[in-house]
Amino acid sequence: MSSSTFYLLPLFVAVVSCATSEFQTVAQSATTASSGPWLQYTDLRQAGFDGQALRRVCERADSLHSGAVMVVFRGRVILACGDVNRKLEAHSVRKSLVSGLFGTAVGRGEINLDSTLADFAIDERTPLTSTEQSATIRQVISARSGVYLPAAYGASQDRRRPRRGSHSPGTHWFYNNWDFNIAGVVYERATREDLYESFDRRLAKPLGMEDWEPADGFRVYEPTKSRYPAQTFRISTRDLARFGQLYLQKGEWAGRRILPVEWVTESTRPHTDDGDGTGYGYMWWTYQAGSLFTAKYPKLGKYAFYRALGTGEQGLWVIPDADLVVVHRADTDHGRRVDGEDHWALVESVLEARRTEPKPRPDLRPLQPTVLSSQLPPAIIPEYRALPESFLDSYLGDYELSPGAVHFGEYKLTPGSTVRVFLFDGKPYVHLPGAGDVQMFATARRDILTVRVVPGMGIAFERSADGEVTAVTLTLGDYTLKASRAQPQ
């Protein structure tokens, strides 16, 4: 019996008050980043930091199997460990990147945040009600639209999503991928630009990002859930640090205004108070001084800050009064995650390493990251090609799961339920009941379909001796499911 193997996209997905700083002159005399490649302090004592203490931060990150860590102080690097130029999945950090794009559009008068979903002709597979269509774009980007419908890349939210119609627009906050996905769609309709080409032209190139290219963006569709995709990003640690530094510099870079000052302030202040000093802005998480975890992390608790956060503890922290940008990446390409508590502890350790005021003219050198011994080789992204629908026809149809198939990773499936292989916009997808849709891609080999960097996830189709597709085996890490081809009625 022969087989054809497919691999799948992931099924899971990811006014700030001022604090009194121990070093108050830092924010007042901050140095901005240059337009060229990152520079690193030659002697960390000139930055006012204990070099040995920062080395221990890298050692701790290594023990946690972090993908990379980078810390920028006063526009210069004080810590870099791991492969900081490796592109990794941003997960929900993507939302803050889109927020930055919104800032460019608002600054140019291309988007009125008080316009509505109806103004942009936003509708869904299940038609929106007039109340839902009255939600403003401001409510959408603050996750307060009141539209509670299934969304691409939103499987982790499905069980917590409020009942449809339970809250009017603007009255309730819910971390809602429907809102975040729609934000990208609204941006494209308002600016008439492709999201990723726009990110390249408006942010990546002006900031001197060294690794980003538009092909690093990818739209994840789940057609049975929603008309609209999740706009995902792959981005390197050092490029993500530039995005954070742009916000630290209030939207200015190398003498050029990239984002309005007002946007930086407005988007990173809490539009939702989540309690204990934490909140949510325009696709940024916000923290007031003395907020959550203050007792456990007293250094960090002295500051107001904001951050972008994604699955596995992808994190971008901007701490204005400490003049720090901290980037932490988890290597989710290889299924590695870092616990949230460990993430906080790493940032606390950076602040604990501060000793004195920095020298006004420090010695600098090109960036030289510390190698992490635990780091795995980069995951290989296959080269995709189109397949004719005539070839895909033999795979399309329903496959019935075996009676014992109940759990598949974190998902609980009903025994006897149906796996469906179908085409959307001429592209092959597989639908897992209770989990969602996953797009498949062709590689250079005729019988292989694959996906963007999802180790351990795959789908293999079995064929009989006469070439007929008879079954499918799905894998997710150590979990395996088999489904037999349903007989035509």
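Answer yes if at least one residue in the range 153-173 is assigned by TED's automatic domain parsing to the domain that holds residue 119, on the phi > 0 side of the Ramachandran plot and buried (at least 20 other Cβ atoms within 10 Å of the Cβ), and no otherwise. Yes, there is a match, as at least one residue in the range 153-173 is assigned by TED's automatic domain parsing to the domain that holds residue 119, on the phi > 0 side of the Ramachandran plot and buried (at least 20 other Cβ atoms within 10 Å of the Cβ). Among the residues of the range 83-120, those that are of a type in the set (D, E, K, R) and buried (at least 24 other Cβ atoms within 10 Å of the Cβ) comprise 89, 94, 95. Annotation: residue 361 fulfils all but one of (1) modelled with pLDDT under 95; (2) outside any loop (DSSP other than H, G, I, E, B); (3) over 29 Å from residue 156 (Cβ atoms); the unmet one is (2). For the range 224-246, filtering for residues that are within 29 Å of residue 429 (Cβ to Cβ), modelled with pLDDT of 95 or more and not in a strand (DSSP E or B) leaves 4. The set of residues in the range 297-313 that are over 18 Å from residue 354 (Cα atoms) and either of a type outside the set (Asp, Glu) or surrounded by fewer than 23 Cβ atoms within 10 Å (Cβ to Cβ) (or both) comprises 306, 307, 308, 309, 310, 311, 312.
So that you can scan it fast, the table gives a plain yes or no per residue for (1) of a type in the set (Gly, Ala, Ser); (2) modelled with pLDDT under 85; (3) touching a strand residue (DSSP E or B) at 6+ places or on another chain (Cβ under 7 Å):
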| position | (1), (2), (3) |
| --- | --- |
| 399 | no, no, yes |
| 404 | yes, yes, no |
| 408 | no, yes, yes |
| 419 | no, no, yes |
| 446 | no, yes, no |
| 458 | yes, yes, yes |
| 466 | no, no, no |
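Taking first residues from the range 127-150 that are not assigned by TED's automatic domain parsing to the domain that holds residue 274 and partners that are assigned to a helix (DSSP H, G or I), no Cβ contact under 8 Å between residues at least 6 apart in sequence or on separate chains turns up.
Say we look at the range 255-271 and pick out the residues that are assigned to a loop (DSSP other than H, G, I, E, B) and among the aliphatic types (A, V, I, L, M); which of these is nearest to residue 183 (Cα to Cα)? Filtering first and then ranking leaves 259.
The set of residues in the range 111-134 that are touching an Asp or Glu at 6+ places or on another chain (Cβ under 9 Å) and more than 17 Å from residue 181 (Cα to Cα) contains only 112. Taking the criterion of being in a helix (DSSP H, G or I), over 15 Å from the mean Cα position of the chain (by Cα) and of a type in the set (S, T, N, Q), would at least one residue in the range 196-204 satisfy it? The answer is yes, given that some residue of the range 196-204 is in a helix (DSSP H, G or I), over 15 Å from the mean Cα position of the chain (by Cα) and of a type in the set (S, T, N, Q). Of the residues making up the range 235-263, those that are surrounded by fewer than 23 Cβ atoms within 10 Å (Cβ to Cβ), among the hydrophobic types (A, V, I, L, M, F, W, C) and more than 14 Å from residue 306 (Cβ to Cβ) number 4. Does the range 384-391 contain any residue that is at pLDDT 95 or above, outside any loop (DSSP other than H, G, I, E, B) and surrounded by fewer than 18 Cβ atoms within 10 Å (Cβ to Cβ)? No - not one qualifying residue is present in the range 384-391. Criterion applied to 325, 318 was being assigned by TED's automatic domain parsing to the domain that holds residue 89 and either among the polar types (S, T, N, Q) or within 27 Å of residue 178 (Cα to Cα) (or both), and the one residue passing it is 318.
Pull out all pairs, ordered by first then second residue, where Cβ-Cβ is under 6 Å, the residues are six or more apart or on different chains, the first lies in the range 191-204 and is loosely packed, with under 14 Cβ neighbours inside 10 Å, and the second is not acidic (Asp, Glu). Sorted first by the residue in the range 191-204, then by its partner, the pairs are 197/214.
Being buried (at least 20 other Cβ atoms within 10 Å of the Cβ) and touching a Gly at 6+ places or on another chain (Cβ under 8 Å) is the filter here; which residues of the range 39-57 pass it? Correct list: 44 only.
The values are calculated or read from the model by the stated rules, or taken from the named source; none is laboratory data. Since the structure is predicted, the reported quantities are computational estimates derived from the model, not experimental observations. For neighbour counting, all protein chains shown are included, and Cβ atoms are generated from backbone atoms with ideal geometry for every residue, glycine included.
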